[in-house]
């Protein structure tokens, strides 16, 4: 329990690390990197301990089923954080006591995939953040399997990236700032995953965004880099409209509460109307589209590769970009009910995910820059996760998030290692080649991670991707898991095929053939290769944490551990159905992957399909399609040139023109008229009639002292007179009206 | 101690700066050292007084006026010298007391051309007295006097120490505001003549004020400028159409000050031409007189008209948000861009106010303070950039992060704060204001306000756009040849650090502990929201 109630220490450590590096980093022997590594190491250890405690906490969960136990399971929620949970817990305890006295409680039935699950006991702690009228808005932590999972993933990848960076950005002009921002990012990300309420989520969400901005623009001297940083920030801001509006809608839907548990329980138990949930979830999907790089707001992510490569691995592959996925998973009842995921065959979330998975994968084919291939691959894999959430395969989505973090971070860091050797070029077509022998460690780790990404049995990617495919509930034998999402299955299989093929293409260009770059490349040092080896190993074996339940030849407690510890059961989580493992589907998915690898192998390595080589130069139709891909479906043109260009150009100028000419024209006209009539009044009325008043005004004005002479205008008397005249006239009018 | 504070606390806070100004008159022009000491000493003394008040303020009772002073003033029109401090005034008082000493510190080496620190600081001290007085006055005439007195020092600050077109800008500022004030005073006078004593509980509360109210009967003419009395009356006995017209007068007076679209055009000129110090005070405090006036005076005193005007205010606020942001995108001058951003940011504050809900009003109070700190800081930085580069033409700037890295970082920080980054103060003025529009006060058009909510959220994108493009063009990249080796371009100096670091700290602290303002202003604005039925 201590670890769960004090888990705030972990993000606090990283925030402290940020401040220390910022203020003292430059004076340290290693320029602040050592502070970052020590703190993130400590954070990782604490995260692991929290994870261990979570497993123990889940294991000695008291047996008990049904609504009463589900209510009682919420007893560790601080009542001041979530009133709804507190109420449920109170009711639950009451019922349990009554039942305990009378008879053994009756199991509520096995609605969950055939075997009963014990209700998860989340631990929520919070303090009063601020009050608004009679409302108290709290800040705190929500600890359950999902947040603990991300705690470990984020701190681990962050630690490895820190180590990698000490070599990779060695001698950089802003080395200390770089590490400071890594710390700030880690702190913000941990703050985000531990959020107890949606308001806190917004805070974390934006803070990781600003770190991403700062790190993409790390080398801001060059305009393309700062352009990329701005694009990332602004695109995310567009998505944030949805986030803000969605959170607001759900805040009112949950009876003026930001609490995640309040919202989830109410959404899950039918306390919120379907329409509100639908609007809320659609708004939040916009936010997911920007943060997690989903079509049509994905365009910033490939450009974000302008940042240092370790940053791409940490932020733009393993952690920050999954924030959208994490948010959907965290607020799953909202989406599950709002989009009616159960029992349907298409919805906005799964559609966006599947389109992203396929179209992103296709774009990866035409990239010369190895990091851009990986960026589009990330877009595509995030699409897999979003699809999984859209079809109700919650665990599969989180499982894929978990495995993807390892192998994709490995691939990015591998690309970094390659470019480190090749004069900082990422152009695999023109500046790489034949590096297999020269950089064996980079090669082998890259190969393993590629195979994992392509879903080769038995590497981790195979298990997680297979779960997603099964989760669509479309394949014969897995029908109706939560619904039957046929289109998604087809699109994901196509995407998986493309994934295997484009990754094979990168291997060909980078590691085979002749070296096409300058100088003599060399293998990177141990601070670069060690993280690669660790990540590749994890990417290979991480699948064992969630072996299918169907594998009954395994000892008890070896199957579906991930699902058991991570997926919540209870009032704050919908009753989702898990698709079973299907051998036929597994074979199909492996075959699809192998086909992709095989065809790409034949095309690149063996020069097969000679007719296809250079097709785009000869065939207009092929050229047309290639052009579309090279121009990234023209989204950048649409956004940057058309929309942004219009707003910054004609629209802004029109607004300014309106101020300067229409409104001010009127003001100046009134001013001139007033001065003119003032002069007239002065000459014809003032001098003769109200002489005394003006003299009074004049003398009081000169009483202001030497100030008057300073103005050098000498007209203050006139304005003062004008003022008094105006007030006199108004008062006169007023007296007449009132009288 | 408490007796002393009760009798003298507010009076001293208001008039210590003025006393400083009087002392300064006696100091010969040549002894700059003494002048600066007085210039800093008086606001610090007022701030110390303010701190004492805040330490002794009863936060559990922040909806009631404390340390009240009530003396006869102009008996002929029953206008009294009433001062009081409650949860609504306190954050703004704190903001004023905080900003002015920093402006003086900044001026230590930066007295703008044509010099003459004696006159410059004298005006600033008079201005401080007027600003504090406006936030503490509880009588409409007293408020009006302070409100108008702020005009003259600022007029001179712009007109004497301003830029090339200072004359046009200062006169425009003066007359524009005066134009609104004229309608405002007419509205005040109309209230004096038309407001009647209310019925029911409000009558009891009115009678409890004592004095001439003690034995009033329902329907008796009030003949009062006292804000409390008028609030209890709630414009009783005034026909709705008349009330709407009266509110219109105040709307002009306060709306021009805010400034609300379409009365904003004085602001870019005034800011662009004003010396840095003038811009900072104008943005940080003077604009808030308008929004404060809405919350303190217009809404609680004429609630029935507030409900009628709320949709119009809401619509104009959102037009201001979008329009101001678009205006920013078109600017080529850094200072003018920041000025236009005020139009956009104050739009959020006005949107919060227009919902007439406790949440919205509270967001507005937060927004005022946050905008004061953030835009104040932006103007400070712009002033220092101008001093070094002798231009604020965005096209010619660039590479500030290389030429003056620390200043570049501070500009970046202020930029992020201004675009409403959570964790910094700006967010808490913006997001709750948007949120409150989802659920406006009972009787307001929900569809309209929800539309406004979405449009306001769109405004956050534009805000990020103009601020980041500004930052990209000024701070990123490499310095142009013109300035690459300019020895005048130095990094943040000692006085700038002294003046800016408290603001930097304030922005972070309010970002992480929003309760510092929400908890104080909440009860006070809740009472107001209740009077309009929100």
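The values are calculated or read from the model by the stated rules, or taken from the named source; none is laboratory data. The shown structure was predicted, so the numbers you read here are calculated from the model rather than taken from an experiment. Heads up, the Cβs are rebuilt from the backbone with ideal geometry, glycines too, and the neighbour counts pull from every protein chain shown.
Tabulated data
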item	result
Qualifying positions in segment A:191-200 - in a helix (DSSP H, G or I) and either away from chain B (no Cβ under 14 Å) or free of Cβ contacts under 8 Å to residues at least 24 places away in the same chain (or both)	A:193
Residue B:410 under 24 Å from the mean Cα position of the chain (by Cα), part of a helix (DSSP H, G or I), farther than 17 Å from residue B:515 by Cβ and facing chain A (nearest Cβ under 8 Å)	no
Neighbours by Cβ (under 6 Å, 6+ apart or cross-chain): first from segment A:166-180, assigned to a loop (DSSP other than H, G, I, E, B); second modelled with pLDDT of 85 or more	A:169/A:178; A:169/A:308
Where residue B:341 falls short, out of the listed (1) touching a residue at least 40 places away in the same chain (Cβ under 8 Å); (2) surrounded by fewer than 24 Cβ atoms within 10 Å (Cβ to Cβ); (3) in contact with a helix residue (DSSP H, G or I) (Cβ under 7 Å, 6 or more places away or on another chain)	(2)
Entirely in segment B:238-338, the helices (runs of 4 or more DSSP H) that have 2 or more residues that are over 23 Å from residue A:669 (Cβ atoms) and more than 14 Å from chain A (Cβ to nearest Cβ)	B:240-257, B:276-281, B:287-293, B:303-329
Some residue of segment A:101-109 being part of a helix (DSSP H, G or I) and at pLDDT below 80	yes
Selected residue [assigned to a helix (DSSP H, G or I), under 28 Å from the mean Cα position of the chain (by Cα) and within 16 Å of residue A:343 (Cα to Cα)] from A:469, A:489, A:447	A:489
Residue tally, condition away from every other protein chain (no Cβ under 13 Å) and more than 14 Å from residue B:413 (Cα to Cα), over segment B:498-520	2
Qualifying residue in segment B:102-116 (condition: closer than 30 Å to residue B:358 by Cα and under 18 Å from the mean Cα position of the chain (by Cα))	no
Of all residues making up segment B:442-456, the number that are more than 14 Å from every other protein chain (Cβ to nearest Cβ) and closer than 21 Å to residue A:280 by Cβ	1
Evaluation of residue A:256 against (1) more than 20 Å from residue B:453 (Cα to Cα); (2) part of a loop (DSSP other than H, G, I, E, B); (3) within 13 Å of another protein chain (Cβ to nearest Cβ) (one fails), failing number	(1)
Test result for residue B:231, in a helix (DSSP H, G or I) and either within 14 Å of another protein chain (Cβ to nearest Cβ) or out of contact with any helix residue (DSSP H, G or I) (no Cβ under 8 Å at 6 or more places or on another chain) (or both)	no
Conditions (1) within 9 Å of chain A (Cβ to nearest Cβ); (2) part of a loop (DSSP other than H, G, I, E, B); (3) farther than 26 Å from residue B:493 by Cβ: number failed by residue B:114	(3)
Only listed residue being modelled with pLDDT of 85 or more, more than 26 Å from the chain's Cα centre (by Cα) and within 14 Å of chain A (Cβ to nearest Cβ), chosen from B:187, B:195	B:195
Residues (modelled with pLDDT of 90 or more and more than 9 Å from chain B (Cβ to nearest Cβ)) located in segment A:201-227	A:201, A:208, A:211, A:212, A:215, A:216
Flag for residue B:168 being part of a helix (DSSP H, G or I), within 12 Å of another protein chain (Cβ to nearest Cβ) and buried (at least 20 other Cβ atoms within 10 Å of the Cβ)	no
Matching option when the condition is modelled with pLDDT of 90 or more, over 17 Å from residue A:361 (Cα atoms) and surrounded by fewer than 24 Cβ atoms within 10 Å (Cβ to Cβ), among A:508, A:444	A:444
Scope segment A:228-253; condition facing chain B (nearest Cβ under 7 Å) and under 21 Å from residue A:645 (Cβ atoms); matching residues	A:230, A:233, A:234, A:237, A:238, A:241
Qualifying residues in segment A:40-49 (those that are surrounded by fewer than 24 Cβ atoms within 10 Å (Cβ to Cβ) and in contact (Cβ under 8 Å) with a residue 40 or more places away in the chain) - the one nearest to residue A:162 (Cα to Cα)	A:41
Residues located in segment A:661-671, provided they are closer than 21 Å to residue B:337 by Cβ and more than 8 Å from chain B (Cβ to nearest Cβ)	A:661, A:662
Single residue of A:570, A:598, A:557 found to be over 25 Å from the mean Cα position of the chain (by Cα), modelled with pLDDT under 85 and surrounded by fewer than 17 Cβ atoms within 10 Å (Cβ to Cβ)	A:557
Candidates B:135, B:147, B:98, filtered to the one that is under 26 Å from residue B:336 (Cα atoms), away from every other protein chain (no Cβ under 13 Å) and in contact with a strand residue (DSSP E or B) (Cβ under 9 Å, 6 or more places away or on another chain)	B:147
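Residues are listed down the side, and each one gets a yes or a no for (1) assigned to a helix (DSSP H, G or I); (2) modelled with pLDDT under 85:
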| position | (1), (2) |
| --- | --- |
| A:581 | no, yes |
| A:586 | yes, no |
| A:628 | yes, yes |
| A:643 | yes, yes |
| A:655 | yes, yes |
| A:660 | yes, yes |
| A:666 | yes, yes |
